[in-house]
Amino acid sequence: MANLDDTVIFNKVAELCSYTQAGKQLNIPKATVSRRVRILEEQLGVKLINRDTRKLSLTEAGHYLYNSTHSLLTQVQEIENSTVSFQTHPAGELRITMPVEIGIRMLNEIICDFAKAHPQIQLDIHMTNDVVDIIREGFDVAIRGGSPKDSNLIARKIMSSRFHICCSPEYLREHPSPAHPFDLKQHQLIAFPYSSYQQLKLRKGQEEVNIHANSRISANSLDMLLKAAKKGLGIAILPTSVCSDAIRSGDLISLFNDWHGEDIGLYALYPDRVKTKKLELFIQYIEQRLSELEKGFV
C-alpha cells in the first residue's frame, strides 16, 4: 500500500504542475518532492508524471490517481481541521462521575453555571458512591474526595478541606467537655466509615496524637453525620466543607482548634496526561469556583 503522504505530495505537484512550487507550499525541499513522487511510482508500478526540461504533465495513470484522490484528501484535511477544533473550540460530550453528596452539596450550582457558559458542551453526569472504573466505563473525569488510590489516573487537587471535631451545644450541656483529644475515647463519636476519618492524626506543635474513632454512629453520608451532630448524638469528625455553615451559625461548636490534622482533598481524576480542551475548561472552572467557596470556610 502506498504511503498517504506520498499521495499528498503527488497531488500538490499535479495541482501546481511544479516540483518547486509544491515544495514551497509543503515546506520541503524540491529534491524530496521529486524523490517521494518517484517512490510512489515505484510502489504503484506505473508512471504518473511526464518529465522534460520545460514542463510537467500527468500521464493517464497520473490523471486517474489525481482525480480519484483529490477530493478524498480534501475531506481528510477537513476532518483533521475539525478534529483540531476540539482543542480551539471545545464542543461535544463530557462524561463526569462523582459521589452523590459532592454533586448535590458542592457542585450542583457550579456545574449548572458551567453548562450555561458553554452550551456547545454536552454534560453526561453520573452520580454514585461507587468507585467507578472511568477508563472501562468511558468517563472523561471523576471527582473524588480523599487521597487518590488509582495510579493509572492523573490526579489534580481542586480543593482542600480540613477536619473539624465538633458537636452541638446540647451535647456539651449533657456531657463533660473534652480538654484533650485523648478524652475523645470517653465520648460518643460520629464518623464516616473511611480510614481517614476513623484513624485521625492530630498535631499541636511537637505533640502528636492518633485518634481511633469508636463510633456510635457510622454512615457513608456526610449529611446524615452532620444532622446527627446537630441533634446532639455525639462528637462528629467532619470536613470543613460540610460543617462550616453549622459552626458559623452556632449549631455546632468546633473543638481543639489549636490542633491540626491532615487536609482532605477533593480531586479531579482523568486517564490521559493530554487533556481535551473541554476537559481542561471544566476542571479549571470548578477549581476556580471551589477556590472561591473555600475562602468562606471557617
*Just the accessible area per residue of the chain, please: how many Å² with a 1.4 Å probe?*
57
*Quick one: which of Lys12/Lys277; Lys24/Lys55; Lys185/Lys230 span more than 22 angstrom between C-alpha atoms?*
Lys12/Lys277
*Any idea what the dipole of the stretch 170-221 comes to, in debye rounded to 20, about its Cα centre with Lys/Arg Cβ at +1 and Asp/Glu Cβ at -1?*
100
*asked:* Just checking my list [x] 22.3; [y] 18.1; [z] 16.4 against mean projected area of the Cα convex hull in nm² computed from this structure; which label fits?
replied: [x]
*Which aspartates and glutamates have a Cα lying under 16 Å from the Cα of Lys201, excluding residues fewer than 8 positions away in the same chain?*
Asp183, Asp258, Glu262, Asp263
*Where does the stretch 31-130 land on Rg/Rh, using Cα atoms and the Kirkwood Rh?*
1.40
_the chain: relative contact order in percent, alpha carbon pairs under 8 Å with at least 6 residues between_ = 20
*Three semi-axes of the equivalent ellipsoid, the stretch 1-83, Cα gyration tensor, whole Å, largest first*: 20, 15, 12
*With the full set of protein chains in place, find how many percent of the accessible area of the chain is carbon and sulfur; take the probe as 1.4 Å.*
50
*asked:* Suppose every Lys and Arg Cβ carries +1 and every Asp and Glu Cβ carries -1, with no other charges. What dipole size does the chain come out with about its Cα centre, to the nearest 20 debye?
replied: 720
*Any idea which of His180, Ser218, Ile253 is furthest toward the positive side of the dipole for the stretch 174-298, if Lys and Arg beta-carbons carry +1 and Asp and Glu beta-carbons -1?*
Ser218
*Give me the lysines in straight-line cross-link reach of Lys295: C-alpha distance below 22 Å, same-chain residues under 8 apart excluded.*
Lys157
_Can you compute the charge dipole magnitude of the stretch 204-298 about its Cα centre, using +1 on each Lys and Arg Cβ and -1 on each Asp and Glu Cβ, nothing else charged? Give it in debye, rounded to the nearest 20._
380
*Mind checking which of Asn3, Tyr19, His118 is farthest towards the positive end of the stretch 1-136's charge dipole, using Cβ charges of +1 (Lys, Arg) and -1 (Asp, Glu) about the Cα centre?*
Tyr19
_Isotropically averaged projected area of the stretch 60-218, using the convex hull of Cα atoms (one quarter of hull area), nm²_ = 16.3
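When the Kirkwood hydrodynamic radius is evaluated over all pairs of different C-alpha atoms of the stretch 193-298, what value in angstrom, to one decimal, is obtained?
16.2
The values are calculated or read from the model by the stated rules, or taken from the named source; none is laboratory data. What you see is a predicted model; the values in this text were computed from it and never measured. Virtual Cβ from ideal backbone geometry, glycine too; neighbours counted across all protein chains shown. Heavy atoms of the whole protein, side chains included, go into the accessibility calculation; ligands, DNA and RNA do not. Shrake-Rupley method; radii C 1.70, N 1.55, O 1.52, S 1.80 Å.
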